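Working notes, beginning with the structure itself.
The values are calculated or read from the model by the stated rules, or taken from the named source; none is laboratory data. For clarity, every value in this text was computed on a predicted model and none was experimentally measured. Please note: Cβ atoms are built from the backbone with ideal geometry, for glycine as well, and neighbour counts cover all protein chains shown. Heavy atoms of the whole protein, side chains included, go into the accessibility calculation; ligands, DNA and RNA do not. Shrake-Rupley method; radii C 1.70, N 1.55, O 1.52, S 1.80 Å.
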Amino acid sequence: MIGYDAASEAPTLAEYYGTVIDQIVECMAEGTYCALLGPHLSGKTHVLRHIDRSLARSLGWTCVYIDLYAIKAFTQQGFFAELMSLVAARVAELTSELLAVPEARLASSAEFRGFLKDAVSALGRDIVLIIEHLEALPTDLVQALLTSLRAAYMDQQTLDRRVLVVVSGALSLATLTVGESSPFRGIARRIFVGDLTRDESERLNAEQLQDARVEATHRASRRLLRATSGDPYLIRTISQRCIEAVDSQASRCLRGRTVRAATREFLRSRVYDYGPLQE
């Protein structure tokens with residue numbers, strides 16, 4: 001643990017990702033890049049947003065969060081031009097420092113590296129660069145981005161200040177981000193976000209209901225646990241559907257049939273995202 005307690009400081013779900021958050025913080029303290037990987041809806045965004053919005057200030061970080069879905073260009077020149085503009089806008093928002101951004105027609109991997117070096121120099125402190133949703137990019141742009149960031153890592157080994165990088169994406173990108181031939185091999189730690197344990201799932205389900213002042217029968221609790229299967233997104237979503245159903249009833253007691261109905265309703269709305277769940 002480095003300078004904070006995840007359970008006491010983290011709001012809502014963040015406490016359930018304490019180990020993941022600790023690992024990211026350790027990487028930043030060591031000057032190591034990291035790749036956060038996990039299934040769709042596993043909680044990666046929640047972790048990164050918590051670091052960006054809650055932990056960065058307490059840890060003294062200048063944290064630049066970039067969602068790659070915000071980038072629309074699909075040529076390398078256009079991609080790096082948009083990326084530098086986004087970084088500059090975020091830095092200005094955080095620090096009021098106006099960074100010089102190269103002209104779009106000059107944008108390249110090399111310009112991006114130089115831009116990052118100049119940004120650190122202008123601010124006089126480290127920058128934590130969080131780049132999320134690598135799966136939003138074509139493979140060639142992911143490769144170009146990781147290659148550029150590796151070169152930046154090598155460039156800054158003798159510098160007092162540096163850019164520290166967290167990239168995040170789907171499990172399908174594991175080979176590209178940390179595999180044998182990945183540009184990040186040897187300079188990045190891979191961190192996986194997985195399902196919650198049974199005990200964690202029970203606790204989170206209970207907290208969701210308790211916050212809404214809803215009591216659950218034993219059967220309802222068991223059905224809710226089976227339906228959510230340790231998936232934080234399912235726990236939040238199906239619990240909320242159950243709470244809304246109870247709100248429309250005279251009793252504040254959640255029963256098994258309500259959980260079953262809420263689960264079926266969810267499955268009908270997300271048939272392409274989830275296979276069969278246990279009711």
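Scan the stretch 173-184 and give yes if some residue there is over 17 Å from residue 37 (Cα atoms), open to solvent by 30 Å² or more (accessible area, probe 1.4 Å) and not polar (S, T, N, Q), otherwise no.
No, the stretch 173-184 contains no residue that is over 17 Å from residue 37 (Cα atoms), open to solvent by 30 Å² or more (accessible area, probe 1.4 Å) and not polar (S, T, N, Q).
Mind checking which residues of the stretch 87-100 are open to solvent by 60 Å² or more (accessible area, probe 1.4 Å), out of contact with any Leu (no Cβ under 7 Å at 6 or more places or on another chain) and in contact (Cβ under 8 Å) with a residue 12 or more places away in the chain?
Passing the criteria: 94, 100.
Has the stretch 218-235 got any residue that is over 24 Å from residue 80 (Cβ atoms), open to solvent by 40 Å² or more (accessible area, probe 1.4 Å), at pLDDT 90 or above and of a type in the set (Ser, Thr, Tyr)?
Looking through the stretch 218-235, at least one residue is over 24 Å from residue 80 (Cβ atoms), open to solvent by 40 Å² or more (accessible area, probe 1.4 Å), at pLDDT 90 or above and of a type in the set (Ser, Thr, Tyr).
Output the number of residues of the stretch 114-127 satisfying the condition of being surrounded by fewer than 19 Cβ atoms within 10 Å (Cβ to Cβ), out of contact with any strand residue (DSSP E or B) (no Cβ under 9 Å at 6 or more places or on another chain) and either not in a helix (DSSP H, G or I) or not polar (S, T, N, Q) (or both).
So the answer is 4.
Please go through the stretch 195-214 and pick out each residue that is in contact (Cβ under 8 Å) with a residue 24 or more places away in the chain and surrounded by 14 or more Cβ atoms within 10 Å (Cβ to Cβ).
The answer is 195, 196, 200, 201, 204, 205, 208, 209, 212, 214.
Does residue 111 satisfy being in a helix (DSSP H, G or I) and among the charged types (D, E, K, R)?
So residue 111 passes the test.
Among (1) in contact with a strand residue (DSSP E or B) (Cβ under 8 Å, 6 or more places away or on another chain); (2) open to solvent by 10 Å² or more (accessible area, probe 1.4 Å), there is one condition residue 155 misses while meeting the rest; what is its number?
(1)
Checking residue 192 against (1) modelled with pLDDT under 90; (2) open to solvent by 40 Å² or more (accessible area, probe 1.4 Å); (3) touching a Leu at 6+ places or on another chain (Cβ under 6 Å): exactly one of these is not met. Which one?
With (1) modelled with pLDDT under 90; (2) open to solvent by 40 Å² or more (accessible area, probe 1.4 Å); (3) touching a Leu at 6+ places or on another chain (Cβ under 6 Å) applied to residue 192, the lone miss is (1).
Go through (1) open to solvent by 70 Å² or more (accessible area, probe 1.4 Å); (2) under 19 Å from residue 21 (Cβ atoms); (3) modelled with pLDDT under 90; (4) touching a helix residue (DSSP H, G or I) at 6+ places or on another chain (Cβ under 6 Å) and name the single condition residue 161 misses.
Against the list (1) open to solvent by 70 Å² or more (accessible area, probe 1.4 Å); (2) under 19 Å from residue 21 (Cβ atoms); (3) modelled with pLDDT under 90; (4) touching a helix residue (DSSP H, G or I) at 6+ places or on another chain (Cβ under 6 Å), residue 161 comes up short only on (2).
Please go through the stretch 21-63 and pick out each residue that is hydrophobic (A, V, I, L, M, F, W, C) and over 13 Å from the mean Cα position of the chain (by Cα).
25, 27, 28, 29, 55, 56, 59, 61, 63, listed by residue number.
Take residue 38 and decide whether it is modelled with pLDDT of 85 or more and within 13 Å of residue 192 (Cα to Cα).
The answer is yes for residue 38.
Residues that are part of a loop (DSSP other than H, G, I, E, B), open to solvent by less than 70 Å² (accessible area, probe 1.4 Å) and among the aliphatic types (A, V, I, L, M): does the stretch 128-145 have at least one?
yes
Given the conditions (1) assigned to a helix (DSSP H, G or I); (2) open to solvent by less than 70 Å² (accessible area, probe 1.4 Å), which single one is not true for residue 251?
It is condition (1) that residue 251 fails.
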